[in-house]
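Have a look at the structure below before the remarks.
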Amino acid sequence: MAIGLPNIDIVFLQKAVSAVLRSERGTALVIVKDDKQTTIGYDVFKFEADITDKKYNADTIKLLKRCFYVNVNKVVVLHVPTRTTAFADLKQVLDRIKYNWACTTVAEWQTDLVSYTKSRNVISKGHKVKCVVANVAVADDKHVVNMKGNFVHEAGAEAGTNVKMTDYLPRITSILANLPMNRSITYYELEDLDYVDNSYVTAEKDVNKWTDEGWLLLINDDEDNVVRVGRGVNTLTTFTSTDTEDMRKIIIVESMDLIQEDLYSTFKKYYVGKYKNHLDNQYLFISSVNA
């Protein structure tokens with residue numbers, strides 16, 4: 001008679017209790033070009049003060065510091081020499097980095113990052129990665145967030161001194177990597193901005209239509225005089241029996257990915273090689289999952 005898998009029950013209970021806390025301890029990956037770099041490599045930062053001009057130029061430092069407008073767990077910076085033109089040159093290093101959310105400030109690499117994210121998730125059985133890009137024509141994937149607009153304007157900056165949307169991606173990526181799963185990014189207030197580009201909004205195509213097409217928008221809330229993130233959606237627009245309509249919400253996919261990673265890691269660490277894989281033990285493992 002089978003006696004169950006008590007240690008797996010305990011592991012699942014511990015993971016369930018810590019889920020919200022773990023969800024706000026993600027890793028943000030930022031891919032940048034910097035003229036101080038001679039080779040492709042990466043650095044890991046936990047504190048803003050560690051980002052200095054010994055390794056990065058002033059422009060890079062400024063955009064990386066936007067990651068630390070929120071309390072961060074970890075920021076990984078994949079630095080690339082400015083002479084590098086092919087995204088494929090990064091792949092060998094990128095494959096070794098474990099992260100949750102990624103972005104690149106290089107405009108011509110936005111589509112490449114989308115393709116890489118999709119490919120990596122096909123191969124990975126447990127851990128799924130996500131990316132934030134700007135103004136990519138076609139993405140259609142629940143792990144890709146696509147921002148609309150050409151620029152943002154920082155509070156206190158001179159009129160006309162705008163920040164390109166690609167340079168603002170580290171800010172959004174850091175928010176998503178460190179947002180607990182009991183909070184959505186929808187209507188998240190961006191106190192560092194005073195207005196954003198909304199020239200794409202027309203009478204024929206308003207913010208609701210853009211959102212329905214899978215764009216994450218930054219909106220000027222004139223009533224409260226603040227800039228907010230619009231509806232927290234990813235780029236999924238083609239729905240199937242496995243990719244359903246509710247999966248276009250970022251918070252839903254975040255929760256699903258956390259559950260999947262917990263299941264995979266627990267199965268691999270506590271079941272495979274520990275118990276005979278016969279039907280009784282399979283049923284008991286499934287019971288532990290459903291408990």
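Every read-out reported here was derived from the displayed coordinates using simple, explicitly stated rules and does not represent laboratory data. What you are looking at is a predicted structure, and each value in this text was computed from that prediction instead of being measured. Counting neighbours? That spans all protein chains shown, and the Cβs are built from the backbone with ideal geometry, glycine included.
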Could you work out how far apart the two model spin labels at Thr38 and Ala157 are, taking each label as a point 7 Å from the Cα in the direction of the beta carbon, and quote it in nm? 3.3
7 Å from Cα along Cα→Cβ at both Val122 and Thr84: what's the point-to-point distance in nm? 2.3
For region 23-290, percent of DSSP beta bridges that are antiparallel (nearest 5) comes out at 45
Any chance you could get the radius of gyration and Dmax over the Cα atoms of region 88-164, in Å? 14.7, 48
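With an 8 Å cut-off on Cα pairs and a minimum separation of 6 or more residues, tell me the relative contact order of region 94-158 in percent.
So the answer I get is 28 percent.
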Listed residue pairs exceeding 29 Å between alpha carbons, taken from Lys118/Lys209; Lys54/Lys249; Lys55/Lys164; Lys65/Lys209; Lys130/Lys164; Lys142/Lys209: Lys54/Lys249; Lys65/Lys209
What distance in nm separates the simple spin-label points at Phe47 and Asp140, each placed 7 Å from Cα in the Cβ direction? 4.8
So, counting K/R as plus one and D/E as minus one, what does the shell of residues with Cβ under 10 Å around Leu63 add up to? +3
When the scattering of region 23-290 is computed by the Debye formula from its Cα atoms alone, each counted once and equally, what is log10 I(q)/I(0) at q = 0.07, 0.16 Å⁻¹? -0.27, -1.27
Calculated FRET efficiency, Lys209 and Ser241, Cβ-Cβ r, R0 30 Å, to nearest 0.05? 0.70
Net charge near Thr117 (other residues with Cβ under 10 Å of its Cβ; Lys, Arg +1; Asp, Glu -1) is +2
